[in-house]
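Notes follow the structure.
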There are 2 protein chains.
Amino acid sequence: MSDRDDSVETIQRELTAFARRSRAAAARMHPELSLVSFALLAHLEDQRGCRATDLADRFLLNKSTVSRQVADLERLGLVERRPDPHDQRARILHLTARGAAALTQVSGHRRAAFRERLADWDEADLARFAAYLLRYNTSWPSADGSSRV
Amino acid sequence: MSDRDDSVETIQRELTAFARRSRAAAARMHPELSLVSFALLAHLEDQRGCRATDLADRFLLNKSTVSRQVADLERLGLVERRPDPHDQRARILHLTARGAAALTQVSGHRRAAFRERLADWDEADLARFAAYLLRYNTSWPSADGSSRV
DNA sequence: TTAATCTAGTTGTACTCTACAGCTAGATAG
DNA sequence: CTATCTAGCTGTAGAGTACAACTAGATTAA
C-alpha cells in the first residue's frame, strides 16, 4: 500500500509543480495571450462558436470574468459577437480570421516547446503518458459542465 | 510520425487543461492558502528553511512578489524570519509550528483529493504515471536553478 | 583603506485576473 | 400579464504579479 501512496504523492507533487510553473512559462512564451485567453480561443475554434455562459461553465470562471476576457479579445479583434437568432439575450462568440491566426501561431509555439521537451521520449511512452493524462483529466470532478462546486 | 504528434498534442492539451483548472480548484479546496503560498511553505519544509531569493529562483517569481507573499505568511504566523549568521543582509525563512500544521492540513486535503481521483487506478499505472510526470518535469527548461529565461 | 560594484530584500506603482453583487433586457412559466 | 428565470454587463474589491527605484550590507579593485 505504501508504493501506491508514494505514487499518488509523486503525481500530486509533480502535477502541482507543473501547474505552478505554467502561468509564468506561458506568459514568457507568448505575453500577448494568457493561458485563459488561449483556452477560450481554442474552445471557440473547437466548438466553432459558443456563448459566453458556455465558456464560464467550461472553464469554471465567473461570467463577469468571461465577459471581460471576451471584451478584451474583441477589442483585440480576435473574437466577434453575433446575435443568437434563437435568443435575443445571447450572443454567439466566433473567432475572427485574426483570432484564428493568433491561435494558430500561439499553438505552434506551444506545440514546438512541447515537442522539444518530449523529443527524446519513445513513441510508446508518449502514447501511454497521453493516455494517462486523458484518463486523469476526464475524471475531473467539476469540469465539462457536470457538477459545479 | 503522426501517432507521435497526436500524443504530443494530447499531452499538451491535457497538461494545459490541468494547469488552467488548478488554481480555481486549489482556491476552492483551501481558500486560506494559494497554490503559490502552499508551494512556498512546502519548499520551506523540504529545505528546512531558505532565503527569499532562493524561493524566487525556484518558483520563477520576482523577488518583490516573494517578499510580499512571505510578509503575508509571516503576518499569518506561518513563517518566521531569522537573521542569516553568514550574511547580515539576508534572512532565513523558517516554518513556524503553525505553518507546519497548516501545511500538513492542506497537504492532507490535497492528498485526499488526489487519492480519490486515482482510486480506481491500478498500482502499475500509478507508478508509470508518476514516473512520466517526474521525467517530464525534470526536463523543465528553466526551473530548479538552471537556465533562467 | 576607500571607492565602486554587487546582492538581499522592501516599497511604490500599476496591471491582470478573478469573484461577488447588483443591474438590464430579453425569455419563459403561472 | 405578471413573476420568475437567464444571458450578459458594470461597479467594486482583492489577490498575484512585475518592474523600477531604493536601502543596507557584502565584495572587489585601486
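A single entry from B:GLN12, B:GLN47 fulfils the requirement of being away from chain A (no Cβ under 14 Å), out of contact with any strand residue (DSSP E or B) (no Cβ under 8 Å at 6 or more places or on another chain), away from DNA strand D (no atom under 13 Å from the Cβ) and at negative phi: B:GLN47. Only residues that are within 14 Å of DNA strand C (Cβ to nearest atom) and more than 14 Å from the chain's Cα centre (by Cα) were counted across the range B:28-39, and they come to 3. B:LEU60 fulfils the conditions (1) modelled with pLDDT under 95; (2) touching a helix residue (DSSP H, G or I) at 6+ places or on another chain (Cβ under 7 Å); (3) more than 8 Å from DNA strand D (Cβ to nearest atom); (4) of a type in the set (A, V, I, L, M, F, W, C) except for a single criterion, (3). Looking at A:PHE38, is it among the aromatic types (Phe, Trp, Tyr) and either within 13 Å of DNA strand D (Cβ to nearest atom) or under 30 Å from B:SER107 (Cβ atoms) (or both)? Considered against the rule, which asks whether it is among the aromatic types (Phe, Trp, Tyr) and either within 13 Å of DNA strand D (Cβ to nearest atom) or under 30 Å from B:SER107 (Cβ atoms) (or both), A:PHE38 comes out as no. Of B:ALA113, B:ALA56, B:ALA90, B:ALA52, all but one fail to be surrounded by 13 or more Cβ atoms within 10 Å (Cβ to Cβ) and either closer than 25 Å to A:ALA113 by Cβ or in the same structural domain as B:ALA26 (by TED's automatic domain parsing) (or both); the exception is B:ALA56. In this structure, does A:ARG13 turn out to be more than 11 Å from DNA strand C (Cβ to nearest atom) and assigned to a strand (DSSP E or B)? So A:ARG13 fails the test. Considering the conditions (1) farther than 30 Å from A:ALA119 by Cβ; (2) within 13 Å of DNA strand C (Cβ to nearest atom), B:ALA19 is excluded by exactly one of them, (1). Based on this model, can you work out whether B:ASP46 counts as surrounded by fewer than 19 Cβ atoms within 10 Å (Cβ to Cβ), within 15 Å of DNA strand C (Cβ to nearest atom), under 16 Å from the mean Cα position of the chain (by Cα) and not assigned by TED's automatic domain parsing to the domain that holds B:ILE11? For B:ASP46, the condition - surrounded by fewer than 19 Cβ atoms within 10 Å (Cβ to Cβ), within 15 Å of DNA strand C (Cβ to nearest atom), under 16 Å from the mean Cα position of the chain (by Cα) and not assigned by TED's automatic domain parsing to the domain that holds B:ILE11 - is not met. Reported count of residues in the range A:94-121, each being assigned to a loop (DSSP other than H, G, I, E, B), modelled with pLDDT under 95 and either more than 9 Å from chain B (Cβ to nearest Cβ) or closer than 17 Å to B:PHE18 by Cβ (or both), is 2. Take the conditions (1) under 30 Å from A:SER107 (Cα atoms); (2) more than 14 Å from DNA strand D (Cβ to nearest atom); B:ALA100 misses just one of them, which is (1). State whether the residues of the range B:60-68 include one that is in contact (Cβ under 8 Å) with a residue 60 or more places away in the chain and either over 30 Å from A:ASN62 (Cβ atoms) or within 8 Å of another protein chain (Cβ to nearest Cβ) (or both). So far as the range B:60-68 goes, yes, one or more of its residues are in contact (Cβ under 8 Å) with a residue 60 or more places away in the chain and either over 30 Å from A:ASN62 (Cβ atoms) or within 8 Å of another protein chain (Cβ to nearest Cβ) (or both).
Do you know which residues across the range B:68-89 are more than 18 Å from B:GLU32 (Cβ to Cβ) and more than 8 Å from DNA strand D (Cβ to nearest atom)? Passing the criteria: B:GLU80, B:ARG81, B:ARG82, B:PRO83, B:ASP84, B:PRO85.
The values are calculated or read from the model by the stated rules, or taken from the named source; none is laboratory data. Here the structure is a predicted model, which is why all the values come from computation and not from measurement. Note that each Cβ is placed from the backbone with ideal geometry, even for glycine, and that neighbours are counted across all protein chains shown.
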